[in-house]
Amino acid sequence: MKNYVLLTLAVCLLGFSVNASAAAKDGTGVILAPAVMYETSLFEDSTTSKSDTSGLRLDGRLGFKFQFPLYVGGIYASRGSTTKGLTGPDSTISSTGYGVSAGFMKSGFFLIGHYILSAEREDKVSNVTTTYKEGSGFQADIGYIFMVSSKFGIAPEMHYRSVEFKKKKVGSGAEATRTVKTVDLQPYIGLWLMF
């Protein structure tokens with residue numbers, strides 16, 4: 001987590017050095033804003049186990065910014081991670097979801113809320129796959145866009161996401177009604193293309 005905070009600060013400083021007075025235009029237009037975060041970690045217990053985890057999180061946002069500070073649009077979110085069990089089983093986690101978005105954008109600052117209409121998640125450990133379905137929830141993105149040019153900006157962002165799944169199925173077993181909740185708080189780097 002410390003590395004991600006340092007990376008976010010470095011991007012902020014880069015944005016200030018590229019154009020200290022830069023800010024997102026307060027005009028209207030279509031916005032394409034993918035946000036990405038890559039993570040990696042190593043767990044090592046000298047007496048019992050060792051594992052190496054890597055993951056990629058990607059949010060694709062498409063919306064429209066009005067003349068006043070309103071943004072509306074949609075989001076498609078994808079998360080995936082793989083853990084290589086160097087002394088134990090491998091595992092993978094993948095999830096996808098989509099939803100609608102509304103938020104505030106003014107002078108580069110943004111706060112966007114997303115309602116996740118549908119989400120699914122699949123966890124696989126060794127040869128056993130657990131599937132979670134009928135997910136819904138919300139996500140909030142807060143950040144600041146540093147404009148590199150009139151149409152392109154880089155934004156350090158923080159995302160909070162909470163999704164609750166209603167169905168769970170383990171392996172080839174029967175699907176059961178079960179409430180399973182996932183909560184994430186992650187820094188991201190967003191790329192903002194304005195048309």
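Give the residues of region 138-161 that are aromatic (Phe, Trp, Tyr) and buried (at least 16 other Cβ atoms within 10 Å of the Cβ), sorted by residue number.
Tyr144, Phe146
Quick one: is Lys151 basic (Lys, Arg) and in contact with a Ser or Thr (Cβ under 9 Å, 6 or more places away or on another chain)?
So Lys151 fails the test.
Please name all residue pairs, on different chains or six or more residues apart, with Cβ atoms under 6 Å, provided the first residue is in region 89-109 and is over 15 Å from Gly143 (Cα atoms) and without any contact (Cβ under 8 Å) to a residue 40 or more places away in the chain and the second residue is surrounded by fewer than 17 Cβ atoms within 10 Å (Cβ to Cβ) and among the aliphatic types (A, V, I, L, M).
Taking only residues 6 or more apart or on different chains, the pairs are Pro89/Val125; Ser91/Val125.
Hey, among the residues in region 48-72 that are under 20 Å from the mean Cα position of the chain (by Cα) and either of a type in the set (S, T, N, Q) or on the phi > 0 side of the Ramachandran plot (or both), which one's surrounded by the most Cβ atoms within 10 Å (Cβ to Cβ)?
The initial filter retains those residues of region 48-72 that are under 20 Å from the mean Cα position of the chain (by Cα), namely 53-64, 71-72.
Pick out the ones that are also either of a type in the set (S, T, N, Q) or on the phi > 0 side of the Ramachandran plot (or both) and you get 53-54.
Working: Thr53: 16, Ser54: 14.
Taking the candidates together, the pick is Thr53.
Does Ile154 qualify as being in contact (Cβ under 8 Å) with a residue 60 or more places away in the chain, within 16 Å of Met37 (Cβ to Cβ), in a strand (DSSP E or B) and in contact with a helix residue (DSSP H, G or I) (Cβ under 8 Å, 6 or more places away or on another chain)?
Spelling it out, Ile154 is indeed in contact (Cβ under 8 Å) with a residue 60 or more places away in the chain, within 16 Å of Met37 (Cβ to Cβ), in a strand (DSSP E or B) and in contact with a helix residue (DSSP H, G or I) (Cβ under 8 Å, 6 or more places away or on another chain).
Could you please find all residues in region 67-106 being among the basic types (Lys, Arg) and out of contact with any Ser or Thr (no Cβ under 6 Å at 6 or more places or on another chain)?
Lys84, Lys106
Within region 25-32, can one find any residue that is of a type in the set (A, V, I, L, M), in contact with an Asp or Glu (Cβ under 7 Å, 6 or more places away or on another chain) and either at pLDDT 90 or above or not in a loop (DSSP other than H, G, I, E, B) (or both)?
no
Yes/no matrix, rows are residues, columns are (1) at pLDDT below 85; (2) basic (Lys, Arg); (3) part of a strand (DSSP E or B):
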{"residue": "Val11", "(1), (2), (3)": "yes, no, no"}
{"residue": "Gly15", "(1), (2), (3)": "yes, no, no"}
{"residue": "Leu42", "(1), (2), (3)": "yes, no, yes"}
{"residue": "Asp59", "(1), (2), (3)": "no, no, yes"}
{"residue": "Gly73", "(1), (2), (3)": "no, no, yes"}
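Given the options Lys106, Lys181, name the one that is within 19 Å of Gly29 (Cα to Cα), out of contact with any Lys or Arg (no Cβ under 9 Å at 6 or more places or on another chain) and surrounded by fewer than 16 Cβ atoms within 10 Å (Cβ to Cβ).
Lys106
The values are calculated or read from the model by the stated rules, or taken from the named source; none is laboratory data. Here the structure is a predicted model, which means the values were calculated and not measured. Cβ coordinates were reconstructed from backbone atoms using ideal geometry, including for glycine residues, and neighbour counts include every protein chain displayed.
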